[in-house]
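Notes for the one structure printed next.
The values are calculated or read from the model by the stated rules, or taken from the named source; none is laboratory data. Please read all numbers here as calculations on a predicted model, not as lab measurements. Neighbour counts are summed over all protein chains in view; Cβ atoms, including those assigned to glycine, are modelled from backbone coordinates with ideal geometry. Remember, those area values only see protein heavy atoms, side chains included, never the ligands or the DNA or RNA. Shrake-Rupley method; radii C 1.70, N 1.55, O 1.52, S 1.80 Å.
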Amino acid sequence: EVPRVAGRLAAAGGALLPLPLPRGTDPPTLLRPGGSVSFTPLVTTYGTPAYADLDPSWPAGLAYVAMFGIMFGDVGHGAMLVLGALALRLGWPRRFVRLRRLWPLLAGAGIAAMLAGAAYGEFFGPTGLLPVLWLSPLDSPARLLAASVVFGAGLLAVAHAAGAVNRVRGNGWAAALFAASGCAGLLFYLGLALAAAGLLVRRPPVAVIGATGALAGLALVALGLFRATAGGGAGYAETAVRLFDIVVRTGTNTLSFARLAAFGLTHAALADLVWRGTTGLAGRGAAGVVGAVLLFTVGTAVSFGLEALVAGVQALRLDFYELFSRLFEAEGRPFRPWHVPPAEPADRVTKVIPCSPG
């Protein structure tokens, strides 16, 4: 904004003088809206990043909609979400106009659900109207579970890398090198992932290299933790406990992404139940057809509402607790522009006359 403000001041006979940022200060953070499509509300709901940190809005938003789509994979249900997002964008219904800024999240979630549904071959459930392009959740749950964990591990690796960048930009290389959410934590996680991959594909040299990197990263984390203690026996004990907690949380955070497969299976099972009941009633005369239409309508509405709520909450949980916990070390302050309050009209200015308590 400096050139624009300087030009306006120069036109009024003034000047703008840039000053260096004083040490130890954290200016307020302004997350750029990014036009009409913005995932900023997803980040600001959790907190405000520090001024020096990366803006995680778009990566976090894309991760959110991808995770939602995996759990809510259905072309028909996703199309309903897209239609709802368009209605919200147009300001309808009026009672939800205050939620209009959330339409990009809703639209992205719907598109991701449609893409995942096409991969699963689901259109209002496993109706057989679409071919299975990748796998059917009900037929290949193990493959879906493995893919979900691998996908989550990739997201965690990206979050570790972004956290390392934030630690370097905020505290410098000296502090970031030993931080669990910095370079040491990134080395530990990448080494652990490489070791696991080497074991799975039966490549011992790859597993050894990964294990060596993981141990080196863990040693750096331990050194950083010990430096933050008072030293002595208590310092060693505290370091050991916190190091154990980091190792356990690393494993649980990775396995936590298995819920993507679990809720994807639940969504497919509910839709399959509704579709089986619908086809079962449809072949029983006119009354059966009416019952089938009623069952499909009510069952689809119930499963749609329940699963959309569950998938939305679970994707938010994974974004906040698994990913953002590695990005945020300290919260910043939101930027609130200073402005001159408008003057009261002359006919509305009131005069206050002081009087005694009596």
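Checked against the criterion of being open to solvent by 60 Å² or more (accessible area, probe 1.4 Å), touching a Gly at 6+ places or on another chain (Cβ under 9 Å), touching a residue at least 40 places away in the same chain (Cβ under 8 Å) and hydrophobic (A, V, I, L, M, F, W, C), the candidates Leu133, Leu145, Leu115 yield just one match: Leu115. Once the stretch 256-277 is narrowed to residues that are modelled with pLDDT of 95 or more, more than 17 Å from Gly121 (Cα to Cα) and touching a helix residue (DSSP H, G or I) at 6+ places or on another chain (Cβ under 7 Å), the residue that is surrounded by the fewest Cβ atoms within 10 Å (Cβ to Cβ) is Ala258. For the stretch 179-206, filtered to residues that are in contact (Cβ under 8 Å) with a residue 24 or more places away in the chain and surrounded by fewer than 22 Cβ atoms within 10 Å (Cβ to Cβ), the residue that is farthest from Arg227 (Cα to Cα) is Ala193.
Does Ala228 qualify as being on the phi < 0 side of the Ramachandran plot and modelled with pLDDT of 95 or more?
On the way: on the phi < 0 side of the Ramachandran plot: yes; modelled with pLDDT of 95 or more: no.
Judged against the criteria, Ala228 is not a match.
Among residues belonging to the stretch 78-95 that are of a type outside the set (A, V, I, L, M) and touching a Gly at 6+ places or on another chain (Cβ under 9 Å), point out the one that is nearest to Phe68 (Cα to Cα). Outline the logic, then answer.
Taking the stretch 78-95 as the starting set, the residues that turn out to be of a type outside the set (A, V, I, L, M) are 78, 84, 89, 91-95.
From the residues that got through so far, the ones that are touching a Gly at 6+ places or on another chain (Cβ under 9 Å) too are 78, 84.
Values: Gly78: 10, Gly84: 16 Å.
Ranking the qualifying residues of the stretch 78-95, first place goes to Gly78.
Condition check: closer than 28 Å to Trp103 by Cα and either in contact with an Asp or Glu (Cβ under 9 Å, 6 or more places away or on another chain) or without any contact (Cβ under 8 Å) to a residue 12 or more places away in the chain (or both). Does Leu21 satisfy that? So Leu21 fails the test. Leu318 fulfils the conditions (1) modelled with pLDDT of 95 or more; (2) at positive phi except for a single criterion, (2). Restricting the stretch 278-305 to residues that are farther than 30 Å from Ile70 by Cβ and not small (Gly, Ala, Ser), the residue that is most open to solvent (accessible area, probe 1.4 Å) is Arg284. Under 6 Å between Cβ atoms, at least 6 apart or on separate chains: pull out the pairs that start in the stretch 47-69 with a residue that is of a type in the set (Asp, Glu) and end on any residue that is surrounded by fewer than 22 Cβ atoms within 10 Å (Cβ to Cβ). Every condition considered, the pairs that remain are Asp55/Leu31. Pick out the one residue from Phe226, Phe188 that is of a type outside the set (Asp, Glu) and either over 22 Å from Ala159 (Cα atoms) or touching a strand residue (DSSP E or B) at 6+ places or on another chain (Cβ under 7 Å) (or both). So the residue among Phe226, Phe188 that is of a type outside the set (Asp, Glu) and either over 22 Å from Ala159 (Cα atoms) or touching a strand residue (DSSP E or B) at 6+ places or on another chain (Cβ under 7 Å) (or both) is Phe226. Scanning the stretch 148-176 for residues that are within 14 Å of Ser256 (Cα to Cα) and open to solvent by 40 Å² or more (accessible area, probe 1.4 Å) yields Val150, Phe151.
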